[in-house]
Structure formats: C-alpha cells, structure tokens
Amino acid sequence: MTFTDRHIVEAYSSLFEGLNPISKLELIEQLSKSLKTETKKKENKFFKSFGAFASKKSAEEITKEIRSARKFRRKEIKL
C-alpha cells in the first residue's frame, strides 16, 4: 500500500469512528458489494470495446479516406 493509499484509508476510518454499529455494518456490506461488481464492470467494459467501430468498408478504404481528407498548409516562420 502506498503512502497516499494509507493516508486515504486513515482519513476515512477517522470519519467512520462516529458511526453507530449498524451504519458501520451497512458500510462494510456496500464496500463488499462494490468489490464484487467492480471487477465484472471492468471486464465488461474491456470486452465491449472490441468491435466498437463498425463499418462495412475495408481497412484500406478507411485508410484511403483518412489520408485524402488530410489538409496541410505551409506557413512560413520568420526567425
């Protein structure tokens, strides 16, 4: 655990000292749920990113369009 992480945990734990036991149990439950769903969400986002760009054009056609759309202008820089 890094220094920053440790500091954050200590700061939050001092905030939770004033909570009643039922609230603390609820907090533990919510944290446990977030740990379980966090990995699933990351995996889903990763796998959903595949095929995100859908086109019937071939890669060569898309490349050709991009290159033909480029516009360059010459600008003289005086030193």
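Derivation of every value follows stated rules applied to the coordinates shown; laboratory data play no part. Please read all numbers here as calculations on a predicted model, not as lab measurements.
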- prompt: Most fluctuating residue of Lys57, Lys33, Lys45 in a GNM of the chain with Cα springs under 10 Å: which is it?
  reply: Lys57
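Could you work out the Rg to Rh ratio of the chain, with Rh taken as the Kirkwood radius (inverse of the mean 1/r over all Cα pairs)?
1.38
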- line: If each part is reduced to its alpha-carbon centroid, the range 1-36 and the range 53-79 end up apart, in Å, by 51
statement: Any lysines whose Cα falls less than 20 Å from that of Lys36, other than same-chain ones fewer than 8 residues away, would be Lys24, Lys45, Lys48
